[in-house]
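Rule-based calculations on the coordinates, nothing more; no lab input. Nothing here was measured: the structure is a model prediction, and the numbers come from that model. Positions of Cβ are backbone-derived with ideal geometry, glycine not excepted, and every protein chain shown enters the neighbour counts.
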């Protein structure tokens, strides 16, 4: 017998968690002498109240979908890929190399190749930790986190060296060819007669992310490979019995995971910056862990969680602007509280709720 | 009834334990319903029942793990609240769990003292315990060296340490949960002698088991539980195994299977001088040779941990080995470091693994997903090159589940929501329906209800009668004797001898299982 209906687990638990998180964050805001209702108002308005706000929210959402999917594919094989940050960084390099190599005539031609470049280098960056885990038993958490640092340092080296735009000081490449420019929401919606803010970075990558989410769903729940990944993640001993190779599953799922993380570069490097810059990932790789956990490693959940975190991210920036009494650190505290309640403390909500449902069932009997 | 019992009443006359009206529900599941039981002081009282009948819940309430929703507990006639295990120990109740709770790298002494230290400094407690331990050990024939390290001792010793722990805490009432599951017949006999000694000293013993023979041999009274309710309590001398089985299941049960004589055909499996060294470098199988022919069941008896598991893993294709194995006359490559389960399946070997929950099934997967586990590469289960044909798998799974009487026959339920017996039927359905040449079966009825055992045994015999070869490994001697056409006994990685089930008995096999060699019987 199920402890509670599925809809309660999937919908009610996150909603209550978010409500609790806002109550806790509200108390903190109250403690520093600011109005918590103003906080919520400015955050929501900032993120969703205007087309420019929505544009930024969707832009961040796109990043979090990619990294959230990346985390979840590895997690299905019970591999804790904490290296999304480094894999995304290398994905940026892959996309940049592809885009700089050829004078692309049109974005539609450039996009698939940039995706391949980004995914390939992202996967390559995950391949070494995957190999070490599969063949040598080096723990994936340790190796992937180390590879984040290596990736960051390597990028600094490249952007101050051979990839640096000649004749200037900042660590960045030259701008990509005009033909590699991805359509923004403004450009996509204008022909339909919808006025969307021109100043936001949201671009067609958002749809690439949604397609990726669908493909991940197909992979995990409809293919033989996904079946093997899930089997391995649920029980390594049983998978051995069934003749599923641990080495193969470990390496393949990490390659897919790294590739997805690398695709973040499509949104940020190709779509927004249009050149390779330092630290373009802005922590999205780590955020993907929270997104994956909150989304229960299911693509639909991940898209929703990514949207929530995108909203928080954008709302947080607006909050800084609107409420001078709230510092940058305070915004981080608020965001962290929400992550804690929705991710780490989810059982804090679930268990009491389960008990309520059980009591209701009992009365019904 | 107990309600009118007062403090003034003589403790000796009162039963050691009396439970009145105990009820406990887990959500919608009523695990115990209005249970009443009374155990006389100085008696050995058996509790039997199928899995899920509520035995463990009842004992957990008595030991303070769960709080009953309703009901009262009387210890020696006094009403006692047992909110936690500390209170249970204080009330003189000791529990020996099925899975021992010992610190492997501590000495016996340290394990016994653990949790019952007198003060912050260990030495005093240890010195005191040493004296007491020696006393107890000789008094009850427990024979345990206080300074031995636990991990170096046998399972039988581990169990005796658990008993010592309880006695050290002045237990007057001892509860043993499935105590003989891991013991050789000789070790089990030793345990029963210990229990008998304890009884003579006036201790009260509750024995939870599913083995009817043990109940018949050692208990004074026996209570049968069924579906959360106390069915009946009878004097052991006034009942029989058949009677008890019927009370447990609620219908007549065949305890031994009727099977026509085997008609062995060609050799299907041939194992020659097989040696297995495990990942720690320990030799587990030390040169085994055997043959299984079409249409016969070769049973391998032995105490758990004598190499049977490794033998099965090698045959199933996920353990490297040296020597030679051939199936239908064709040699199998044994050198593979990685799992070779796929190619074994392709050669017509099906495997029902010993541990269905850790190996045979993925508990989080739904039944239909489990029904192709290991055979997920079969083209019949694919829609095209990329996608699996989930709808077809579901449909086939449902049919297989119905044929194997899996209850409930719903392919969309997670494996973990089935009972042990039905989980085993899922695995059997998957493996037998592949129509294999050779079926490897490990512990087919461990933790399975009596009613389901009958069905599972029948399926195995049916497969044999279709001319398939079956290699059966079981620690249950009854099962080996009833199913096998030939019996081989394993001890310490070797085959000690082979017997015809019609011309052997438990004592004979028990000697071989304990390693007393008698080579002339070997093939």
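Annotations
- Segment residue B:498-residue B:414, length gained on full extension (0.36 nm per residue, minus Cα span): 26.1 nm
- Computing Rg and the Kirkwood Rh from the Cα coordinates of segment B:396-523 gives a ratio, Rg/Rh, of 1.04.
- For segment A:90-215: rounded, prolate or oblate by the Cα gyration tensor [a/c cutoff 1.5]: oblate
- Segment A:236-295: radius of gyration and largest Cα-Cα distance (Dmax), Å: 16.3, 49
- Every pair of different Cα atoms in segment B:338-415 enters the Kirkwood calculation, which places the hydrodynamic radius at 13.4 Å.
- For the protein assembly as shown: rounded, prolate or oblate by the Cα gyration tensor [a/c cutoff 1.5]: prolate
- Note: segment A:55-301, Cα convex hull, 123 Å³ per residue.
- Taking other C-beta atoms within 10 angstrom as a stand-in for reagent exposure, B:499, B:227 fall in the order B:227, B:499, fewest first.
- Long-range tail of P(r) for segment A:184-279 (Cα pairs > 19 Å, %): 58 percent
- Residue list for segment A:116-131, given a label point 7 angstrom along the Cα-to-Cβ vector of residue A:187 and an amide N cut-off under 16 Å: none
- Chain B: C-alpha gyration tensor shape, a/c 1.5 cut-off, then a/b vs b/c: prolate
- Per-residue shielding of A:223-230, expressed as the average number of other chain Cβ atoms within 10 Å of the residue Cβ, stands at 4.
- Mean separation of Cα contacts under 8 Å, 6 or more apart, over the residue count of chain A: relative contact order %: 35 percent
- Note: relative contact order over chain B, using C-alpha pairs below 8 Å and six or more positions apart, is 14 percent.
- Among beta bridges that DSSP assigns inside the protein assembly as shown, antiparallel share in %, nearest 5: 55 percent
- Given their separation in residues at 0.36 nm each and the Cα-Cα distance between them, residue B:240 and residue B:86 gain 51.7 nm when the chain is fully extended.
- Sorted by Cβ density within 10 Å, fewest first, the residues B:230, A:263: B:230, A:263
- Each stretch of four or more DSSP H residues adds -39500 (n - 2.57); spread over every residue of chain B, this sum gives -9000 deg cm²/dmol at 222 nm.
- Inter-label distance for residue B:399 and residue B:266, nm, one decimal - labels placed 7 Å from Cα along Cα-to-Cβ: 2.9 nm
- Note on B:368, A:221, A:321: ascending count of other Cβ atoms within 10 Å places them as A:321, A:221, B:368, the fewest first.
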